[in-house]
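Okay, so here's the structure we're looking at.
The values are calculated or read from the model by the stated rules, or taken from the named source; none is laboratory data. Since we're looking at a predicted model, the values are computed, not measured. All Cβ positions, even for glycine, are placed from backbone atoms using ideal geometry, and neighbour counts span all protein chains on display.
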Amino acid sequence: MNLTKKMGAEFIGTFWLVLGGAGSAVIAAAYPELGIGFVGVSLAFGLTVLTMAFAIGPISGCHINPAVSVGLWTAGKFPAKELLPYIVAQVAGGILGAFVIYMIATGKAGFEAGGFASNGYGERSPGGYSMVAALIAEIVMTFMFLIIILGATAKKASVAFAPIAIGLGLTLIHLITIPVTNTSVNPARSTAVVFFADAGATTQLWLFWVAPIVGAMIAGLVWKWFENGEEA
């Protein structure tokens, strides 16, 4: 598969992740009496990854997340020359997804963007968690997400079922950390929504690039250690 097609798949996949995941938070979570709440939003994010893994996995591997691309590269599973193109496609697709959410949401009279499903800590954390708590949560959860991805797609794994494990893994991560940071583990998802959120969202965006990438790189190194040990 050529790189242009891979980038197109990553663009569409990240578009769907943001539209489905962040869209559920902005449009459906707070709907009076019938809102889907934290559980619904968690499931929505998991379902976006599960569905796209089946849809575009054969084309691009369905990273739809810069941290995943970096983690796979660190583990020796992804070529360095494709890293930047993938990340550009992911961020661009995410921004388009956020734009579509905004266009739909503003169709309701009185809509205010507010946080617009953005990630944050301190006063921007849903539960008021500190910057340190946010860093720990995002590093550890991205680490675990990459371990799930690397394990589920390993040669000895039942690869046909990998999308289910990965999607449910992301659902669980959201169930744990929505109160802490509104759950990122994905720099493209975090970047996409800040363009439509209130001004304060951009000031904390750095954490949601640094922490997921650090967690992903640690996971990649750990996985290389696992594989080296097996070969020995």
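Observations
- Listed by first and then second residue, the pairs with beta-carbon distance under 6 Å, at least 6 apart or on different chains, first residue in segment 165-186 and closer than 16 Å to residue 63 by Cβ, second surrounded by 23 or more Cβ atoms within 10 Å (Cβ to Cβ) and of a type in the set (Ser, Thr, Tyr), are 184/190; 185/142.
- Being under 26 Å from residue 12 (Cβ atoms) and in contact with a Leu (Cβ under 6 Å, 6 or more places away or on another chain) is a property that does not hold for residue 107.
- Taking every residue in segment 99-111 that is within 15 Å of residue 21 (Cβ to Cβ) and of a type outside the set (A, V, I, L, M) and pairing it with any residue that is at pLDDT 95 or above and not in a helix (DSSP H, G or I), at least 6 positions away or on another chain, the pairs with Cβ-Cβ distances below 7 Å are 102/196.
- If you go through segment 1-34 and keep only what is over 13 Å from the mean Cα position of the chain (by Cα), among the small types (Gly, Ala, Ser) and surrounded by 14 or more Cβ atoms within 10 Å (Cβ to Cβ), you end up with 8, 9, 23, 24, 25, 28, 29.
- Only one of the numbered conditions (1) part of a helix (DSSP H, G or I); (2) free of Cβ contacts under 8 Å to residues at least 60 places away in the same chain; (3) over 14 Å from the mean Cα position of the chain (by Cα) is not met by residue 126, and that is (1).
- Checking each residue in segment 3-38 for being farther than 19 Å from residue 186 by Cα and modelled with pLDDT of 95 or more picks out 3, 4, 5.
- Residues being within 20 Å of residue 203 (Cβ to Cβ) and in contact with a Gly (Cβ under 9 Å, 6 or more places away or on another chain) - total across segment 101-120: 4
- Lone unmet requirement of (1) among the charged types (D, E, K, R); (2) exposed (fewer than 14 other Cβ atoms within 10 Å of the Cβ); (3) under 20 Å from residue 62 (Cβ atoms) for residue 77: (2)
- Residue that is nearest to the chain's Cα centre (by Cα), among those in segment 165-198 that are over 26 Å from residue 225 (Cβ atoms), in a helix (DSSP H, G or I) and aliphatic (A, V, I, L, M): 188
- Meets criteria (closer than 20 Å to residue 83 by Cα, assigned to a loop (DSSP other than H, G, I, E, B) and in contact with a helix residue (DSSP H, G or I) (Cβ under 7 Å, 6 or more places away or on another chain)) for residue 1: yes
- Residue check: residue 208 meets all listed conditions (1) surrounded by fewer than 16 Cβ atoms within 10 Å (Cβ to Cβ); (2) part of a helix (DSSP H, G or I) but one, namely (1).
- For segment 32-59, the set of residues classified as farther than 15 Å from residue 17 by Cα and not aliphatic (A, V, I, L, M) consists of 32, 33, 35, 37, 38, 58, listed by residue number.
- Among the residues of segment 132-164, the one identified as among the polar types (S, T, N, Q) and assigned to a helix (DSSP H, G or I) is 142.
- Among the residues of segment 102-114, some residue qualifies, meaning at least one is of a type outside the set (Lys, Arg), buried (at least 17 other Cβ atoms within 10 Å of the Cβ), at pLDDT 95 or above and in a helix (DSSP H, G or I).
- Residue within segment 198-211 that is farther than 20 Å from residue 65 by Cα and in contact with a Phe, Trp or Tyr (Cβ under 9 Å, 6 or more places away or on another chain) present: yes
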